[in-house]
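Remarks on the structure that follows.
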Amino acid sequence: MEAFKTVKGVVLPIDRSNIDTDAIIPKQYLKSVARSGFGANLFDEWRYLDHGEPGQEHSNRPINPNFVLNEKRYTGAEVLLARSNFGCGSSREHAVWALRDYGVKVIIASSFADIFFNNCFKNGLLPLVLPEDVIDVLFDSIKDEPGYMLEVDLESQNIITPDGTQHSFDIERFRKYCLVNGFDDIDLTLQHKKDISEFEASHKQRMPWLFEDIS
Amino acid sequence: MNTPRSHSKTLFEKIFDRHVIVTRESGDALLFIDRQLIHDLHYRAFEELQATGRTIRYPDQLFATPDHSVPTTAKKLTDIPQGEMRDTVAGLQGAAERIGFTHFDMTDPRHGIVHVIGPEQGITLPGLTLVCGDSHTSTHGALGCLSFGIGSTEVKHVLATQTLWQRKPRNMRITVDGTLGPGLSAKDIILAIIRHIGAAGGTGYAIEYAGSAIRQLSIEGRMTISNMTIEAGARFGIIAPDDKTLEYVYGRPHAPTGEKWEEAMAYWRTLPSDDTAVFAKEININAAAIEPTVTWGNSPQFCVGISDVIPDPASETDLATRANMESALTYMDLLPGTPINKIEIDRVFIGSCTNSRIEDLRQAAEVFKGRCVVVPTLVVPGSGLVKSEAEREGLDRIFIDAGAQWREPGCSMCVAINGDVLLPGQRCASTSNRNFQGRQGMGSRTHLVSPAMAAAAAVTGRFTDSRQLSR
């Protein structure tokens with residue numbers, strides 16, 4: 001996994017709560033063999049006016065001019081701002097892959113759905129929780145300032161607005177450590193190989209009915 | 001003597017604690033995962049793992065079946081047209097043959113939706129930890145186990161290590177007391193719960209369902225409740241095992257037998273939450289006040305009773321919720337104040353891991369009997385065994401005689417990637433679990449209801465109180 005560096009980027013504001021993973025990446029892309037290239041299909045049904053299919057050429061599809069992502073001023077956004085319960089619904093990790101592939105590195109919301117939140121950390125995407133009143137202020141600021149950028153400093157756990165205001169955020173220490181170093185979970189877990197083997201042996205004795213061959 | 005409060009545990013904590021291998025300073029626990037279920041969309045996990053030189057730690061604890069991509073008109077792999085869907089189903093089968101894990105393929109009578117066949121085969125048992133790369137894995141919690149949905153990276157982590165890092169969630173208890181009115185079902189209860197706590201009300205929590213109305217439900221009804229827990233934001237929806245649970249599990253192919261059964265049962269009897277266990281949040285719901293429920297928006301929390309009207313966003317004080325309501329009404333093409341029973345529908349779908357078990361089909365058939373559908377109606381059983389049981393009981397004849405289509409098992413029009421889709425603008429009464437924009441096809445308009453309410457909509461062409469059609 002790619003290590004997370006400090007991000008300073010344009011903020012894309014999507015003023016909605018309950019943005020579900022079906023909206024982030026529609027189901028037809030789940031059949032795709034690929035695990036990359038989903039950026040063109042991020043928010044596919046909001047972004048385009050036609051129905052998209054995997055493997056299609058996207059450059060000539062009709063664009064929905066009313067969807068915020070299609071506004072020129074948000075081109076190249078690396079930070080996404082939304083409301084509560086971001087990433088609810090299906091566990092599809094494609095939602096995170098699509099966001100990352102598009103170039104999003106940080107999502108700021110007042111809350112995240114649990115499975116999506118976990119999936120973010122596996123792919124170097126930082127889901128950052130801020131209080132609703134701060135989110136309100138950010139939405140307001142962006143409205144009035146084209147090219148509005150936020151700096152996200154993971155090391156000091158701060159976001160810094162263009163006028164220098166800082167908002168601190170919490171992140172669980174181990175998750176931060178993995179993001180900063182780009183660590184792969186399986187390798188870290190296998191450092192506990194001995195613990196796992198010992199647990200297995202005693203677990204099989206305590207719950208033998210789980211490990212029986214099927215008649 | 002009373003157990004000291006500090007030692008008392010919830011059902012969830014008892015199972016969680018028993019599976020902790022090590023705990024990090026940060027509080028995250030490495031949990032041992034007893035069983036993993038795999039569906040077709042995750043077939044690439046195997047080759048991806050093997051490409052990095054890793055092996056599958058416990059093929060014996062892995063159970064797979066294709067459900068998301070299978071066309072409901074296909075009986076075998078070669079019935080699927082060439083392309084991605086077929087590659088996906090074939091990919092899973094290939095992995096099963098190569099690695100040697102249990103795989104219920106399309107020709108196997110036990111094939112079906114992963115969350116239907118897990119309990120059906122006794123793969124799901126009380127007290128175990130079970131994961132699947134699907135958010136509706138919460139379903140299995142109805143049997144009193146710790147089951148939860150995970151992403152693709154975590155699927156591979158479990159395949160390689162049989163473990164997963166988890167932060168222990170807080171516990172919430174939702175107690176549903178009182179007697180559910182006649183003609184209502186578990187679907188109405190869970191929709192009422194989601195309406196009450198909101199689509200994010202359970203985020204960060206493990207929910208335990210309790211109360212007389214939950215106890216009165218069959219295990220199948222309880223699965224409907226646990227299944228939609230994720231729609232309230234919680235990954236875990238757990239129900240204490242009782243006599244009904246043990247009776248349900250007993251004799252299933254993967255359930256223990258003989259002395260092992262006695263041993264397992266003795267353990268399962270210790271699982272219910274201690275009387276003095278502390279829940280971070282307690283919610284009480286009165287079952288007697290629940291009506292047949294219909295969703296009207298693009299989040300399951302937006303639902304009302306059949307005798308109600310579409311609510312007015314103007315009366316909502318929370319601005320973000322108001323904006324959500326407004327956007328939903330535009331998308332759904334509905335006006336505030338419209339009576340629910342005046343809304344006409346174009347299609348009906350009865351199926352999905354929420355409502356495709358035999359009891360669901362019986363409830364729908366009860367309404368269909370002697371009537372005819374007036375809109376295209378799809379009935380999709382949850383598994384091959386559900387299908388054959390329905391046919392043994394003659395339910396298939398009732399559906400077919402009513403003019404509905406009776407199909408092969410699979411996820412079908414719930415996730416709508418197998419070719420069963422709505423056309424743009426079509427309005428569907430659906431027994432599935434999500435009414436998100438575009439969920440059943442681009443521009444589709446989904447209203448979530450119980451099987452009886454879906455059948456009532458199918459024979460009248462609009463939302464109708466199914467109790468008016470009961471005999």
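Shape summary: the stretch B:341-463 maps onto an equivalent ellipsoid whose semi-axes, from the alpha-carbon gyration tensor, are 21, 16, 11 Å in decreasing order.
When both bridge partners sit in the stretch B:11-169, DSSP labels roughly 40% of those beta bridges antiparallel. Within chain A, all pairs of alpha-carbon atoms sorted by distance into 5 Å bins from zero give the percentages 1, 6, 13, 17, 17, 14, 10, 8, 5, 3, 3, 2, 1, 0. For the stretch A:58-157, which chymotrypsin sites (Phe, Trp or Tyr not before Pro) are in a loop by DSSP, counting at most 15 other Cβ atoms within 10 Å? Of the chymotrypsin sites (Phe, Trp or Tyr not before Pro), the ones in loops of the stretch A:58-157 whose Cβ has at most 15 other Cβ atoms within 10 Å are A:Phe67. Residue-wise HN-Hα couplings along the stretch A:78-91, as the Karplus relation 6.51 cos²θ - 1.76 cosθ + 1.60 with θ = phi - 60° gives them from phi, are 10, 10, 10, 10, 8, 9, 6, 6, 5, x, 6, x, 4, 7 Hz; Gly and Pro carry x. Taking all Cα pairs closer than 8 Å and separated by 6 or more residues, the relative contact order of chain B comes to 17 percent. Here the stretch B:327-345 and the stretch B:164-189 have alpha carbon centers that stand 28 Å from each other. Placing unit charges on the Cβ atoms of the charged side chains and taking the dipole of chain B about its Cα centre, the candidate lying farthest along the positive direction among B:Tyr58, B:His39, B:Thr137 is B:Thr137.
The equivalent ellipsoid of the protein assembly as shown has semi-axes of 35, 32, 26 Å, largest first, where each one is the square root of 5 times an eigenvalue of the Cα gyration tensor.
The DSSP beta bridges internal to the stretch B:341-463 are antiparallel in roughly 10% of cases. One compactness figure for the stretch A:76-152 is 1.08, namely its Cα radius of gyration divided by 2.2 N^0.38 Å. Remark: for residue pairs B:Lys9/B:Lys168; B:Lys75/B:Lys156; A:Lys8/A:Lys105, the C-alpha separation exceeds 18 Å in B:Lys75/B:Lys156. Separation of the stretch B:227-253 from the stretch B:75-150 is 17 Å, based on Cα centroids.
Compactness ratio for chain B: Cα radius of gyration over 2.2 N^0.38 Å (N = residue count) comes to 0.95.
Taking every DSSP beta bridge that has both ends in chain A, the antiparallel portion is near 50%.
Treating each Cα of the stretch B:187-243 as one equal point scatterer and applying the Debye formula with no solvent, the log10 of I(q)/I(0) at q = 0.13, 0.26 Å⁻¹ comes out as -0.28, -1.06. Rounded to the nearest 10 degrees, the angle from helix A:132-144 to the longest Cα principal axis of chain A is 40 degrees.
Any read-out appearing in this document is the output of simple, stated calculations on the displayed coordinates, not a laboratory observation. Keep in mind that this is a model prediction, so the values were computed, not measured. Backbone-built Cβ (ideal geometry, glycine too); neighbour counts: all protein chains shown.
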